[in-house]
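J.: Encoded as structure tokens, here's the structure I'll be asking about.
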Amino acid sequence: MLPQDLRDKLQHNAVVNILDGSLFGFGVSGLASYVTIIPLFLSYLTESTALIGFVATLFHIGWQMPQLLTSSYVASLRRYKPMVLAMTLVERFPYFGLALLAFMIPQIGADVALLLALLLLAVQSLGGGFTGTAWQSMISKIMPPHRLGAFFGIQSACVNLFGAGGALLASVILERLDFPQSFSLLFLLSGISLLISFVFLAMTYEPKSDPKNIAEPVRWRQFGGRLRQILREDENFRWFLVARALTAVSLTAISFYTIYGIRRFDMSPEFAGVLTSVLLVSNTLSSSVIGWIGDRWGHRRVLIAANLLTVLAIAIALWATDAQWFYAVFALTGFVNSAQWSTIMTITVQFGSVAERPYYIGMANSFIAPVTIFAPVFGGWLVDAVNFELTFAIFALAGLVSILVYVIPMDDPQEATGGGKRNVAVAD
């Protein structure tokens, strides 16, 4: 049950955070999409498939890696919002740097531009990661638990609706302007959109938490002991981490769809922009429904369905006879993305007690970061050394195995623990 002041501010908090997400999506998911626009931009600077594949997943890597490092500090905070606002600026300002960088490519050359682009994208993604644990903790604090899946779903739908509009605008800009002026304008507009979204995020109402829901700050030795104890005692969470790691491998295929289509079917940049819109429209249409279904029928079942669709999308890409098949590939991927984003965040906070929540959030993201880092590098190397077909087949196999883990050893956290609440003492 939310405190009365949060119940009074529920509508306000929902609106300002949905507006924040919508404008964030317009910039990051549409105008500067890591799925299409960023790989396309990098393809002008390098021919390395491995490097492009790695950078295409850099957003997810930066999101995952730092979250465990911040979990102990976040768990000791009575208010999460100040940390959220400070860290999220780090993930927003690099787009202005990318805009300037793209404008300067004729003067500085492709090699220097590539190095600086990698640095800016790394800063942007890490900024998201250092924001992540505090932001998820803040949202789970200000939203009712039984509506959390629906909120993430509606927010995701709005993110991708605006992202689809941004992608359509991106396709127009790419068609009418030459490289690199087109990308300079795209990144500039993305940065402006993100600054406006920051204003809405800053309007979030978050009171101080009850001291009983705040964990005592721990030393690094105690921090490691607490993590080990949680993993030792919560078998269901361990299986969840295994399933997430396998899922991360299968989702790496998404990073290669655009490059595969360009090389096999000679896709134009304009067609890639249209596919981004297909991806985001599909994500928009499915997001709110997925949250509603997950809240009522179980988020684990939603993840099983999403992984099945990931395998199906990979199969269609492999069997495609022309570029038109990629409409179906990106439509299915949109459903998968909406399920993985909103459902993973919702199911993660169902493990453990309120005080332990930042630890679960941190582990659920950071522990799969090595997989997210090396899977695209391995995939890109395998494409260059062998072919796309074998690479996609490995990704599909990982998806099938993840389904088996979700189906056989893992239960929904609330069913497994009678509400998912347990208390773990600090291990010294």
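J.: Mind listing whichever residues of segment 232-268 are farther than 20 Å from Leu312 by Cβ, of a type in the set (A, V, I, L, M, F, W, C) and at pLDDT 90 or above?
T.: Phe237, Trp239, Phe240, Leu241, Val242, Ala245 - these are the residues of segment 232-268 that are farther than 20 Å from Leu312 by Cβ, of a type in the set (A, V, I, L, M, F, W, C) and at pLDDT 90 or above.
J.: Now a separate question. For the condition at pLDDT 90 or above, part of a helix (DSSP H, G or I), of a type in the set (Gly, Ala, Ser) and under 15 Å from Ala272 (Cα atoms), what is the one hit in Ala328, Ala313, Ala305? Break it down into steps so the answer makes sense when it comes.
T.: Values: Ala313 fails: under 15 Å from Ala272 (Cα atoms); Ala305 fails: under 15 Å from Ala272 (Cα atoms).
The conditions single out Ala328.
J.: Further question on the same structure: Is it true that Val386 is surrounded by fewer than 19 Cβ atoms within 10 Å (Cβ to Cβ) and touching a residue at least 40 places away in the same chain (Cβ under 8 Å)?
T.: On the way: surrounded by fewer than 19 Cβ atoms within 10 Å (Cβ to Cβ): yes; touching a residue at least 40 places away in the same chain (Cβ under 8 Å): no.
Judged against the criteria, Val386 is not a match.
J.: Say whether the condition of being modelled with pLDDT under 85, in contact with an Asp or Glu (Cβ under 6 Å, 6 or more places away or on another chain) and more than 28 Å from Ala50 (Cβ to Cβ) is met by at least one residue in segment 269-281.
T.: no
J.: OK, next. Restricting to segment 171-185, count the residues that are modelled with pLDDT of 90 or more and either among the basic types (Lys, Arg) or not in a loop (DSSP other than H, G, I, E, B) (or both).
T.: Residues meeting the conditions: 9.
J.: Looking at (1) buried (at least 20 other Cβ atoms within 10 Å of the Cβ); (2) of a type outside the set (Phe, Trp, Tyr); (3) free of Cβ contacts under 8 Å to residues at least 12 places away in the same chain, which is the only condition Leu68 fails?
T.: Exception for Leu68: condition (3).
J.: Next question. Could we say that Val336 is closer than 21 Å to Leu397 by Cβ and among the β-branched types (Val, Ile, Thr) here?
T.: Numbers: closer than 21 Å to Leu397 by Cβ: yes; among the β-branched types (Val, Ile, Thr): yes.
Yes: the conditions hold for Val336.
J.: Select the helices (runs of 4 or more DSSP H) contained entirely in segment 196-291, then report the ones holding at least 3 residues which are within 25 Å of Arg357 (Cα to Cα).
T.: Details: elements: 220-233, 235-251, 254-265.
In segment 196-291, 220-233, 235-251 are the helices (runs of 4 or more DSSP H) which contain 3 or more residues that are within 25 Å of Arg357 (Cα to Cα).
Let's see how each residue does on (1) modelled with pLDDT of 95 or more; (2) under 26 Å from Leu116 (Cα atoms); (3) crowded, with 24+ Cβ neighbours inside 10 Å:
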{"position": "Leu2", "(1), (2), (3)": "no, no, no"}
{"position": "Leu10", "(1), (2), (3)": "no, no, no"}
{"position": "Asp20", "(1), (2), (3)": "yes, no, yes"}
{"position": "Ser33", "(1), (2), (3)": "no, yes, yes"}
{"position": "Lys81", "(1), (2), (3)": "yes, no, no"}
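J.: Can you tell me how many residues within segment 379-410 are of a type in the set (A, V, I, L, M, F, W, C) and under 22 Å from Gln340 (Cα atoms)? Before the answer, list the steps.
T.: Here is the first cut: in segment 379-410, the residues of a type in the set (A, V, I, L, M, F, W, C) are 381-383, 385-386, 388, 390, 392-398, 400-401, 403-405, 407-408, 410.
Checking which are under 22 Å from Gln340 (Cα atoms) leaves us with 392-398, 400-401, 403-405, 407-408, 410.
So the answer is 15.
J.: Given the conditions (1) under 21 Å from Phe330 (Cβ atoms); (2) small (Gly, Ala, Ser); (3) touching a Pro at 6+ places or on another chain (Cβ under 8 Å), and given that Gly27 satisfies all but one, which numbered condition is not satisfied?
T.: (3)
J.: Do we find that Thr252 is crowded, with 20+ Cβ neighbours inside 10 Å and touching a Pro at 6+ places or on another chain (Cβ under 6 Å) in this structure? Talk me through it step by step, then tell me what you get.
T.: On the way: crowded, with 20+ Cβ neighbours inside 10 Å: yes; touching a Pro at 6+ places or on another chain (Cβ under 6 Å): yes.
It is true that Thr252 is crowded, with 20+ Cβ neighbours inside 10 Å and touching a Pro at 6+ places or on another chain (Cβ under 6 Å).
J.: Among the helices (runs of 4 or more DSSP H) confined wholly to segment 354-428, which include 1 or more residues that are at pLDDT 85 or above? Walk me through how you get there before you give the answer.
T.: Details: elements: 357-366, 369-385, 388-407, 413-417.
Because the criterion is at least 1 residues that are at pLDDT 85 or above, the helices (runs of 4 or more DSSP H) in segment 354-428 that meet it are 357-366, 369-385, 388-407.
J.: What is the one condition in (1) in contact (Cβ under 8 Å) with a residue 12 or more places away in the chain; (2) over 18 Å from the mean Cα position of the chain (by Cα); (3) assigned to a helix (DSSP H, G or I) that Gln350 does not satisfy?
T.: (3)
Listed here are the residues, each with its yes/no results for (1) surrounded by fewer than 19 Cβ atoms within 10 Å (Cβ to Cβ); (2) closer than 20 Å to Tyr80 by Cα; (3) in contact (Cβ under 8 Å) with a residue 24 or more places away in the chain.
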{"position": "Lys141", "(1), (2), (3)": "no, yes, yes"}
{"position": "Phe152", "(1), (2), (3)": "no, yes, yes"}
{"position": "Gln155", "(1), (2), (3)": "no, yes, yes"}
{"position": "Asn160", "(1), (2), (3)": "no, no, yes"}
{"position": "Gly166", "(1), (2), (3)": "no, no, yes"}
{"position": "Ala170", "(1), (2), (3)": "no, no, yes"}
{"position": "Leu174", "(1), (2), (3)": "no, no, yes"}
{"position": "Leu177", "(1), (2), (3)": "yes, no, no"}
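J.: Scan segment 289-333 residue by residue and report those that are buried (at least 20 other Cβ atoms within 10 Å of the Cβ) and under 16 Å from Gly261 (Cβ atoms).
T.: Once the filter is applied, which keeps residues that are buried (at least 20 other Cβ atoms within 10 Å of the Cβ) and under 16 Å from Gly261 (Cβ atoms), segment 289-333 yields Ala313, Ile314, Ala317, Phe326, Val329, Phe330, Ala331, Leu332, Thr333.
J.: Just to be sure before I move on: is Met83 among the hydrophobic types (A, V, I, L, M, F, W, C), closer than 22 Å to Thr133 by Cα and more than 15 Å from the chain's Cα centre (by Cα) in the structure I sent?
T.: yes
The values are calculated or read from the model by the stated rules, or taken from the named source; none is laboratory data. Owing to the predicted nature of the structure, the values given are computational and were not obtained by experimental measurement. With ideal geometry, Cβ positions are generated from the backbone for all residues, glycine too; neighbour counts draw on all protein chains shown.
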